[in-house]
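See below for the structure under consideration.
The values are calculated or read from the model by the stated rules, or taken from the named source; none is laboratory data. Because the structure is a prediction, the values reported are computed rather than measured. Here Cβ is always computed from backbone atoms with ideal geometry, including for glycine, and neighbour counts include all displayed protein chains. SASA here: full protein model, heavy atoms, side chains in, ligands and nucleic acids out. Shrake-Rupley method; radii C 1.70, N 1.55, O 1.52, S 1.80 Å.
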Amino acid sequence: MADSSSNAMWGGRFADGPDAIMEAINASIGFDRRMAAQDIAGSKAHAAMLASTGIVSDSDAAAMKEGLLTVLSEIEDGSFAFSAALEDIHMNVEARLKELIGAPAGRLHTGRSRNDQVATDFRLWVRDQLDAADAALIALMRALVSQAEAGADWVMPGFTHLQTAQPVTWGHHMMAYVEMLNRDLGRVRDARARMNECPLGAAALAGTSFPIDRDMTAAELGFDRPCANSLDAVSDRDFALEFLGMASICAMHLSRLAEELVIWSSAQFRFVTLSDRFSTGSSIMPQKKNPDAAELIRSKIGRIFGANVALTLVMKGLPLAYSKDMQEDKEQVFDAADNLMLALAAMEGMVRDMSANRAALEAAASAGFSTATDLADWLVRVLDMPFREAHHVTGALVAMAEGKGCDLPDLSLGDMQSVHGDISAEVFDVLGVHNSVASRTSYGGTAPEQVRRQVQRWQEILG
């Protein structure tokens, strides 16, 4: 490696290198080394293009490629010595390349700048994270579909305000999260399509006078096209903000599911049992089985949303084109990506391993007057009663049941007729929770037949 006391990148502009404080605030190698593979991929594509256009010789380009592969190998096996004095991953790689191949290394930077280089590296890194999030979301959605298929006709309480509302099925509840995560998947794919333009060749901000072929480098790196404006190419971080926006919404969805798992696994609910792989014990209370994985997933939204806000505030006041403020973009995105991927993997494992307690779900579904709406609907449908009147009659029957300490199906026909004389024994057909969910056959409803249709649809989509 080059002598870390030297600072050749400053050229002849400064007689002395920056002091220790300046080096500490200016250096990014402590975190941007994570983009080493992307930096080397970009440099290889750039070297091949320089040779193709005759800007450098084929022999120089071949030496660059061989040297870059050696640098990548050293980074991957841990033998590469990173230097804070060389500021960033780009200069660390270039300095080591010069040690390996000599003069040709100095020609690699022809027709580019660190501004378009870092913009390219960062896009490649974020694109890789979007691809990883795509796969992780599909895995979690498959786990939820499996749960829904197993419990398509298991009744459970549906809640509003966390109060018992109407009976639904376990499968229907699981499929609600599939729909939520599918929107996240759509955001992942939208963001990937929108960001898939290549900044390489924009140089510092104005393009270059060298006869480069930006279409070639864009294609080599898997981009759809080069960025059309050099100023925008080096100053744009929308792709990172879109990633963080997607990650924030996805983490919020994961937090909502995690919250339900925390509640459902409690002794008071007993709706689900989480596997030992995703639970912990107490250091003092031997009976405890804590849903720590769910609680930690629930907390990730804070870090991820914080990163989103932080990068937005970094970018909001920057004039075109590049400013050093933009060095603050990567740590936010790196941390958010790490936490999102960890949360997705942990949730997929929890959902796949968890067991729903069918008996507890059904017992809870049958409590809390959950079929009151079915009774009101019956009064409208069979007795041709205006809904507001039916709502009033049902409320009176609920109050009667509360007074007797029973649920609606436990009232006698005489009890019901004392509130409204036209009620017949047929009403009891709609008061059972299984009858209730079976009747909700509208598209998107909770009826088992509808749930199974949605399960089949998603199985075909997810493969």
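Please count how many residues of region 196-212 are touching a residue at least 12 places away in the same chain (Cβ under 8 Å) and open to solvent by 60 Å² or more (accessible area, probe 1.4 Å). Quick ask: steps written out before the conclusion?
Of region 196-212, the ones touching a residue at least 12 places away in the same chain (Cβ under 8 Å) are 196-208, 210-212.
Now drop any that are not open to solvent by 60 Å² or more (accessible area, probe 1.4 Å), which leaves 205-206, 210-211.
Residues in region 196-212 being touching a residue at least 12 places away in the same chain (Cβ under 8 Å) and open to solvent by 60 Å² or more (accessible area, probe 1.4 Å): 4 in total.
With respect to S279, is the statement that it is at pLDDT below 90 and either surrounded by fewer than 21 Cβ atoms within 10 Å (Cβ to Cβ) or under 30 Å from S113 (Cβ atoms) (or both) true? Lay out the reasoning, then the answer.
Working: at pLDDT below 90: yes; either surrounded by fewer than 21 Cβ atoms within 10 Å (Cβ to Cβ) or under 30 Å from S113 (Cβ atoms) (or both): yes.
When the stated conditions are applied, S279 passes them.
Run down L313, L344, L340, L408 and say which single residue is open to solvent by less than 60 Å² (accessible area, probe 1.4 Å) and either under 28 Å from S230 (Cβ atoms) or assigned by the TED database to the domain that holds S436 (or both). Give the steps one after another, and end with the answer.
On the way: L313 fails: open to solvent by less than 60 Å² (accessible area, probe 1.4 Å); L344 fails: either under 28 Å from S230 (Cβ atoms) or assigned by the TED database to the domain that holds S436 (or both); L340 fails: either under 28 Å from S230 (Cβ atoms) or assigned by the TED database to the domain that holds S436 (or both).
Unique residue meeting the criteria: L408.
Within the group R388, R457, which residue is open to solvent by 40 Å² or more (accessible area, probe 1.4 Å), within 32 Å of the chain's Cα centre (by Cα) and under 24 Å from G158 (Cβ atoms)?
Details: R388 fails: within 32 Å of the chain's Cα centre (by Cα).
Result: R457 is the single residue among R388, R457 that is open to solvent by 40 Å² or more (accessible area, probe 1.4 Å), within 32 Å of the chain's Cα centre (by Cα) and under 24 Å from G158 (Cβ atoms).
Would it be correct to say that R225 is more than 17 Å from the chain's Cα centre (by Cα) and over 28 Å from N308 (Cβ atoms)? Break it down stepwise before answering.
On the way: more than 17 Å from the chain's Cα centre (by Cα): yes; over 28 Å from N308 (Cβ atoms): no.
So R225 fails the test.
Could you list, in sequence order, all residues of region 411-431 that are open to solvent by 60 Å² or more (accessible area, probe 1.4 Å) and outside any helix (DSSP H, G or I)?
Result: D422, single match.
Test each condition in (1) open to solvent by 70 Å² or more (accessible area, probe 1.4 Å); (2) in contact (Cβ under 8 Å) with a residue 40 or more places away in the chain; (3) not charged (D, E, K, R) for A267 and report the one that comes out false.
(2)
How many residues does region 186-243 contain that are part of a helix (DSSP H, G or I) and touching a Pro at 6+ places or on another chain (Cβ under 7 Å)? Spell out how you get there, then give the answer.
Step one: list which residues in region 186-243 are part of a helix (DSSP H, G or I), which gives 186-195, 214-220, 230-235, 238-243.
Those left that are additionally touching a Pro at 6+ places or on another chain (Cβ under 7 Å): 214-215, 218, 233-234.
Residues meeting the conditions: 5.
Only one residue in A399, A376, A364 is in contact (Cβ under 8 Å) with a residue 60 or more places away in the chain, closer than 25 Å to V168 by Cβ, assigned to a helix (DSSP H, G or I) and among the aliphatic types (A, V, I, L, M). Which one?
Details: A399 fails: in contact (Cβ under 8 Å) with a residue 60 or more places away in the chain; A376 fails: in contact (Cβ under 8 Å) with a residue 60 or more places away in the chain.
Checking each option against the conditions leaves just A364.
Filter region 126-143 down to the residues that are closer than 12 Å to F239 by Cβ and open to solvent by less than 10 Å² (accessible area, probe 1.4 Å) and list them by number.
Residues satisfying the conditions are V126, L130.
Can you tell me which residues in region 75-84 are crowded, with 16+ Cβ neighbours inside 10 Å and in a helix (DSSP H, G or I)? Steps first, please.
Of the residues in region 75-84, the ones crowded, with 16+ Cβ neighbours inside 10 Å are 75, 80, 82-84.
Residues satisfying the conditions are I75, A84.
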